[in-house]
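Right, one structure below, let's go through it.
The values are calculated or read from the model by the stated rules, or taken from the named source; none is laboratory data. As the structure is a prediction and not an experimental result, all values here were calculated from the model. In case anyone asks, the SASA skips ligands and DNA or RNA and just uses the protein heavy atoms, side chains included. Shrake-Rupley method; radii C 1.70, N 1.55, O 1.52, S 1.80 Å.
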Amino acid sequence: MKFRALAALLAYPEEELIDGLAELKTLFPKEPELLKFLEDLGSEELQVLQERYVSLFDRSRALSLHLFEHVHGESRDRGQAMVDLLATYAKRGVRVVDTELPDYLPAFLEFLSLASPDEAKGLLGETADILRGVGDRLAERGSRYSAVFGALLAIAGEPGLAKKLTVGSSPREDLTVLDREWKDPEVTFGGPQGGPQTVPQTVQFYPRRTPA
């Protein structure tokens, strides 16, 4: 349930998310920063939330929600990594719809929601460096979205964010400079592909948008 909830929080904000905030709060009673983020979501107009989301995640590669963007960029290696990730999904009985790339973080979290707790924790842990990197960059920019990444690291049993959130901060760094400096360690998902198969299911991949 928590994986699906966090996937929803990292997807493009829609009215359904706002309507479900009260239920989401019940899932994270011991996550004060995440609860503050949920309060913020409920206090803003939907259009403001959508514009903020686009400005953060669609306009900077360093804040991209596509995991392999942080490892391979636009290199050919990214294509093979996508194939390998799709194979990981398939070997666990998951069919992937083709409306989004398989490394989109909300979609990956949807996939983890279908795995066993131990398997999900292990796979999530393989993305820890990427999650921490994006979360720290968000904290530096004063974004409460960083709380979602902190929560994911906690679920994975990994050290939390290195940067402390300062709400209201507005760094003036050139995003092109930020993008040049960003690079996270390579990650391959799944390791050995053994283990029990699950009944085929369809993971909901959120539609990719063209940045405004």
message: Along its three principal axes, how long is the stretch 100-173 when you only count alpha carbons? Whole Å, largest extent first please.
response: 40, 28, 16
field: Added length on full extension, which subtracts the Cα-Cα distance from 0.36 nm per residue, SER55 to MET82
entry: 7.2 nm
message: For a distance above 12 Å, tell me the whole-number percent of Cα pairs in the stretch 1-61 that qualify.
response: 68 percent
field: Residue order for SER60, SER55 - accessible surface, 1.4 angstrom probe, largest first
entry: SER55, SER60
- prompt: With every protein chain left in place, what is the accessible area per residue of the stretch 84-173 in square angstrom, probe 1.4 Å?
  reply: 41 Å²
task: For SER64, enumerate residues with amide H under 5 Å from its amide H, sequence gap 5+ or separate chain, H modeled in the peptide plane.
output: none
statement: Subtracting the Cα-Cα distance of SER43 and LYS121 from 0.36 nm times their residue separation yields 24.9 nm
With all protein chains modelled, accessible area of LYS163 [1.4 Å, Å²]: 90 Å²
message: Based on alpha-carbon centroids, what's the gap between the stretch 79-134 and the stretch 1-42 in Å, whole number please?
response: 21 Å
- prompt: Going from most exposed to least, what order do SER43, SER116 have by accessible area with a 1.4 Å probe?
  reply: SER43, SER116
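How much length, in nm to one decimal, is gained on full extension between LYS25 and THR166, taken as 0.36 nm per residue of separation minus their Cα-Cα distance?
On the way: separation 141, 0.36 × 141 = 50.76 nm, distance 2.21 nm.
Gain in length upon complete extension: 48.6 nm.
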- request: Order MET82, MET1, most accessible first, counting only protein heavy atoms with a 1.4 angstrom probe.
  value: MET1, MET82
query: Accessible surface of ASP129 in the full protein assembly, 1.4 angstrom probe, to the nearest 10 Å²?
result: 80 Å²
